[in-house]
Amino acid sequence: AQTVTQSQPEMSVQEAETVTLSCTYDTSESDYYLFWYKQPPSRQMILVIRQEAYKQQNATENRFSVNFQKAAKSFSLKISDSQLGDAAMYFCASLPYGNKLVFGAGTILRVKS
Amino acid sequence: GAVVSQHPSWVICKSGTSVKIECRSLDFQATTMFWYRQFPKQSLMLMATSNEGSKATYEQGVEKDKFLINHASLTLSTLTVTSAHPEDSSFYICSARDPQGAGNTIYFGEGSWLTVV
C-alpha cells in the first residue's frame, strides 16, 4: 500500500525567506514518481515540481527545489525567496508506475509580509 | 500545457435527485482518469479510477451504486451522484493521465462544488 505523510499541518514564512515542507512516503514499488502540488484558494491543483525515483539528482524549478532521500523515503520541498503568491495548501504525492496518485494530508503555507 | 476541463464548476441540487459532473481532456487522450473528493481543509481522497471502455475501480468504502462513473471515450469521464443527500455536498475534482506526456503527467480539472439542499 502507498502512504504519504506530511507532518506539518501549517507552516509560516516571512516574505523573501526560505521554508522547507516535509514529506515522507512508503511504497513497495521500485519505480515511482513523487510530486508536490500547490492548491490556492481557487482549489485548482497546480504542479510545483516532479521527481523520478530513479534519478539521484534533486529536481529544481526556479525557486522550488526538493531534497529527495530515497533510502529514507523522504521528499521535502524547499521554497526560496518566498512570495505572497506562494501562500497555499501544499500536497506531497506519490505515483508508482501505472498506479494511482496518492496524496498526503497537506501543509498550509502562510507567507507574512 | 494540456488542459482538463471539468463541468459544472458549481451545482446545487435537491435531496433525492441525481447530478452529473463531466471531466474532459481537451488536447490529449486520457486512458485513465481519477475522481477525488475533498472536504474543507483536508486532502484529496481518491474515490475511483476510471478506465476507458471498462468498469471503474472504486476505492474501499466508496459506494459504487451511489457514485456512478462512466468513461465512454478517451476524452470524457463522468461522475453521477445518484439520490444525492446533504452529506454528499463536497468538492469533487478529476484528473487525467496523459500517456504520451513525460513523467506520468497528470492534469487536474478545476473541480466542482456540489451542494445538496
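The values are calculated or read from the model by the stated rules, or taken from the named source; none is laboratory data. Because the structure is predicted, anything quoted here is derived from the model rather than measured. Note that we place each Cβ from the backbone using ideal geometry, even for glycine, and neighbour counts take in every protein chain shown. Protein only, heavy atoms only, side chains kept; ligands, DNA and RNA dropped before computing areas. Shrake-Rupley method; radii C 1.70, N 1.55, O 1.52, S 1.80 Å.
Kirkwood-type hydrodynamic radius, chain A: 14.1 Å, calculated from all non-identical alpha-carbon pairs.
Projecting the Cα atoms of B:VAL117, B:THR75, B:VAL62 onto the dipole axis of the protein assembly as shown, where Lys and Arg carry +1 and Asp and Glu carry -1 at the beta carbon, places B:VAL117 farthest toward the positive end.
Each chain gives up part of its surface: A and B jointly bury about 1700 Å² of accessible area, both sides summed, for a 1.4 Å probe. Going from the isolated chain to the complete set of protein chains, segment A:32-62 loses at least 30 Å² of heavy-atom accessible area (1.4 Å probe) at A:TYR33, A:TYR37, A:ARG43, A:GLN44, A:MET45, A:ARG50. Evaluated with a Cβ-only charge set (Lys, Arg +1; Asp, Glu -1), the protein assembly as shown carries a dipole of roughly 140 debye about its Cα centre, given to the nearest 20. When the solvent-accessible area of segment A:62-107 is split by element, carbon and sulfur atoms take up 49 percent of it, the probe being 1.4 Å.
Structure note, pairs A:LYS100/B:LYS66; A:LYS55/A:LYS112; A:LYS73/B:LYS64: Cα-Cα distances above 24 angstrom occur for A:LYS55/A:LYS112; A:LYS73/B:LYS64.
Once the partner protein chains are put back, segment A:67-113 shows a loss of at least 50 square angstrom of accessible area, versus the chain by itself, at A:LYS100, A:LEU101, A:PHE103 (probe 1.4 Å, ligands and nucleic acids excluded). Roughly speaking, what % of Cα-Cα pairs in the protein assembly as shown are separated by over 22 Å, rounded to a whole number? Summing the P(r) of the protein assembly as shown above 22 Å gives 52 percent of all pairs.
The residues of the protein assembly as shown expose on average 48 square angstrom of accessible surface per residue, using a 1.4 Å probe on protein heavy atoms.
What a 1.4 Å probe finds exposed on chain B is 52% carbon and sulfur by accessible area, rounded to a whole percent.
For chain B, a crude dipole built from +1 on the beta carbon of Lys and Arg and -1 on the beta carbon of Asp and Glu, taken about the Cα centre, is about 120 debye to the nearest 20.
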